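Below is one structure, written out as structure tokens; the observations come after it.
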Amino acid sequence: MDTGGNSLASGPDGVKRKVCYFYDPEVGNYYYGQGHPMKPHRIRMTHALLAHYGLLQHMQVLKPFPARDRDLCRFHADDYVSFLRSITPETQQDQIRQLKRFNVGEDCPVFDGLYSFCQTYAGGSVGGSVKLNHGLCDIAINWAGGLHHAKKCEASGFCYVNDIVLAILELLKQHERVLYVDIDIHHGDGVEEAFYSTDRVMTVSFHKFGDYFPGTGHIQDIGYGNGKYYSLNVPLDDGIDDESYHLLFKPIMGKVMEVFRPGAVVLQCGADSLSGDRLGCFNLSIKGHAECVKFMRSFNVPLLLLGGGGYTIRNVARCWCYETGVALGVEVDDKMPEHEYYEYFGPDYTLHVAPSNMENKNSRQMLEVIRNDLLHNLSKLQHAPSVPFQERPPETEAPEVDEDQEDGDKRWDPDSDMDVDDDRKPIPNRVKREAVEPDAKDKDGLKGVMERGKGFEAGMDESGSTKVTGVNTVGMEEASVKMEEEGTSKAGVDQVFPKT
């Protein structure tokens, strides 16, 4: 399906946005294991909502090609990538030392198809950057991406491959400066660490701070060397609501855009900052969360929207569906159409849910101190730093592809410095056992997992209207997804950031 991806006009600027949306129908089949909070099935639920709300027809819908070994090695260590590629549930007991070395275990378990999962979500994020670089869209979306905790040599916080870093490295081939914004409840530590000493990438993270995973993101962590003042951390406390959040988000991001003047923006839209998230402790509404997307969209800068955290999966799907509408400039009806996952959204079957009445521990005085401190740091930046380009990495091409191409592995470069995984097999569908979120079972197991949050299990105070009948649907799953080939990148991180 190729509608050209033109969105409707939106906002005071009245400018149309061309939106590319990346989705692989297999992504919902990957399964972290019994009781694990991270459920890729939420991506399939989001896609179903987009289809039944009729939003797919306003976008160019693309199936990403999996990221290749050497693509992942642009940031990650070769031996770590090789480990991810080779480890299986059957062989993990023979690699205990490697599991410890690469931090793969409870929070980041080995599961069937782990490496294919990493290739899929990373491929969508890098593919979005390629589309933006070639001017083929204004906004690219990959809800399967946004796994911001992964490090160069280890997994962390449910994340194995840092697709965000890979996507930013791709954008840096075309743009002198790239802005990264993170509204997940957890600090975007993996991305900040990757770019901590450069002034070409500014990272801004709004997160819960204080006895909370990953424990980083202090307001005084501002970057190092050339990157001093190019890392901004906004530490927040429990119960922050829409009004308090935007007392910080809008003035800070407005100043960042004025001073840094990025050529492209990457926005990680982790939905665990929503009210009622299973691991979260914030009190944002879906509209309040989406206001961040709307605000960053208003600057008319190439924008990559990514997923991230989010563990009350019915609300994750609600949020990312609504935010896709915001990206398109389409107002989405609160009444939910009937579809295959309709039962998840009862009893009200609405898109929006009311925030809770939890206490907001973020005082007005505290928010003003944080805002003033960060604005003061921004005032120390020289406007739009100039970047001396040395050797510019070759651009990744975005060629036209035969949609009927059967041999997907023809895209692999024969010069790859690692073996090609020719034995990739379809992953058995294990989502059925997760048809209803098993709250009771989920409270058991995974000692390390629950350290990410406080086990916040507040029930949703949902409000809305009665059951509605379905609306006109768009083709689902494979029928709605076009194969999009992305070429390889031959440059390493050191070519993008030459060592001094």
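Going through the stretch 57-70 one residue at a time, which ones are farther than 13 Å from Gly124 by Cα and either open to solvent by less than 30 Å² (accessible area, probe 1.4 Å) or among the acidic types (Asp, Glu) (or both)?
Result: Met59, Gln60, Asp69.
Picking from Phe209, Phe282, Phe260, which residue would you name as being in contact with a helix residue (DSSP H, G or I) (Cβ under 6 Å, 6 or more places away or on another chain) and among the aromatic types (Phe, Trp, Tyr)?
Exactly one residue qualifies, and that residue is Phe282.
Just a yes or no: is a residue in the stretch 43-57 under 19 Å from Gly190 (Cα atoms), assigned to a helix (DSSP H, G or I) and touching a residue at least 24 places away in the same chain (Cβ under 8 Å)?
No, that holds for no residue.
Quick grid of which residues meet (1) closer than 14 Å to Gln268 by Cβ; (2) modelled with pLDDT of 95 or more; (3) under 18 Å from the mean Cα position of the chain (by Cα):
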site	(1), (2), (3)
Val191	yes, yes, yes
Ser197	no, yes, no
Thr203	yes, yes, yes
Lys208	no, yes, yes
Pro214	no, yes, yes
His218	no, yes, no
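Among the residues that make up the stretch 163-170, is at least one of them within 27 Å of Cys281 (Cβ to Cβ), crowded, with 24+ Cβ neighbours inside 10 Å and either at pLDDT below 95 or out of contact with any Phe, Trp or Tyr (no Cβ under 6 Å at 6 or more places or on another chain) (or both)?
Within the stretch 163-170 (the criterion being within 27 Å of Cys281 (Cβ to Cβ), crowded, with 24+ Cβ neighbours inside 10 Å and either at pLDDT below 95 or out of contact with any Phe, Trp or Tyr (no Cβ under 6 Å at 6 or more places or on another chain) (or both)), the answer is yes, since at least one residue qualifies.
Would you pick out the residues in the stretch 151-197 that are in a loop (DSSP other than H, G, I, E, B), within 23 Å of Met38 (Cβ to Cβ) and of a type outside the set (A, V, I, L, M)?
Lys151, Lys152, Cys153, Glu154, Gly157, Phe158, Tyr160, Asn162, Asp184, His186, His187, Gly188
Out of (1) open to solvent by less than 30 Å² (accessible area, probe 1.4 Å); (2) more than 21 Å from the chain's Cα centre (by Cα); (3) not small (Gly, Ala, Ser), the odd one out for Met296 is which?
Every listed condition holds for Met296 apart from (2).
Please go through the stretch 233-246 and pick out each residue that is part of a helix (DSSP H, G or I) and open to solvent by 10 Å² or more (accessible area, probe 1.4 Å).
If the condition is that a residue be part of a helix (DSSP H, G or I) and open to solvent by 10 Å² or more (accessible area, probe 1.4 Å), then Asp242, Glu243, Ser244, His246 are the ones that fit.
Quick test for you: out of Phe195, Phe249, pick the one residue that is over 22 Å from Cys319 (Cβ atoms) and open to solvent by less than 10 Å² (accessible area, probe 1.4 Å).
Phe195
Considering (1) out of contact with any Ser or Thr (no Cβ under 9 Å at 6 or more places or on another chain); (2) surrounded by 18 or more Cβ atoms within 10 Å (Cβ to Cβ), say which one Gln268 fails and leave the rest.
(1)
Of everything in the stretch 222-232 that's within 13 Å of Val256 (Cβ to Cβ) and out of contact with any Phe, Trp or Tyr (no Cβ under 8 Å at 6 or more places or on another chain), which residue is least open to solvent (accessible area, probe 1.4 Å)?
Leu232
Please determine, by comparing only the residues of the stretch 93-123 that are in contact with a helix residue (DSSP H, G or I) (Cβ under 7 Å, 6 or more places away or on another chain) and farther than 30 Å from Cys20 by Cβ, which one is modelled with the lowest pLDDT. It would help to see each step written out before you state the result.
We begin by selecting, within the stretch 93-123, every residue in contact with a helix residue (DSSP H, G or I) (Cβ under 7 Å, 6 or more places away or on another chain); these are 98-99, 102, 105-107, 110, 114-115, 118, 120-122.
Adding the requirement that they be farther than 30 Å from Cys20 by Cβ leaves 98-99, 102, 105-107, 110.
Numbers: Gln98: 97, Leu99: 98, Phe102: 98, Gly105: 95, Glu106: 92, Asp107: 96, Val110: 98.
Within the stretch 93-123, the match that is modelled with the lowest pLDDT is Glu106.
Identify all residues within the stretch 303-357 that are assigned to a loop (DSSP other than H, G, I, E, B), hydrophobic (A, V, I, L, M, F, W, C) and closer than 28 Å to Ile164 by Cβ; write none if there are none.
Val330, Val332, Leu351, Val353
Tally up the residues in the stretch 110-149 that are at positive phi and either part of a helix (DSSP H, G or I) or open to solvent by 10 Å² or more (accessible area, probe 1.4 Å) (or both), please.
The number of residues fulfilling the criteria is 2.
Could you give me the residue pairs with C-beta distances under 8 Å whose first residue belongs to the stretch 292-320 and is on the phi > 0 side of the Ramachandran plot, whose second residue is modelled with pLDDT under 95 and open to solvent by 10 Å² or more (accessible area, probe 1.4 Å) wherever it lies, and which are 6+ apart or on separate chains?
Within 8 Å, the pairs are Asn300/Asp13; Asn300/Val15.
When the residues of the stretch 100-109 are narrowed to those that are in a loop (DSSP other than H, G, I, E, B) and open to solvent by 20 Å² or more (accessible area, probe 1.4 Å), which ends up nearest to Leu147 (Cα to Cα)?
Asp107
Are any residues in the stretch 71-92 in a helix (DSSP H, G or I), farther than 24 Å from Lys39 by Cα and either modelled with pLDDT under 95 or open to solvent by less than 30 Å² (accessible area, probe 1.4 Å) (or both), and if so, which ones?
Here is the first cut: in the stretch 71-92, the ones in a helix (DSSP H, G or I) are 71-72, 78-86, 92.
Next, only the ones that are farther than 24 Å from Lys39 by Cα stay: 71, 78-79, 82.
The answer is Asp71, and nothing else.
Can you name every residue in the stretch 192-250 that is touching a residue at least 60 places away in the same chain (Cβ under 8 Å) and hydroxyl-bearing (Ser, Thr, Tyr)?
Correct list: Thr198, Tyr212, Tyr229, Tyr230, Ser244.
The values are calculated or read from the model by the stated rules, or taken from the named source; none is laboratory data. Treat the numbers as computed from the prediction; the structure is a model and nothing was measured. Counting neighbours? That spans all protein chains shown, and the Cβs are built from the backbone with ideal geometry, glycine included. Accessible surface is based on the protein model in full, side chains and every heavy atom, while ligands, DNA and RNA are left aside. Shrake-Rupley method; radii C 1.70, N 1.55, O 1.52, S 1.80 Å.
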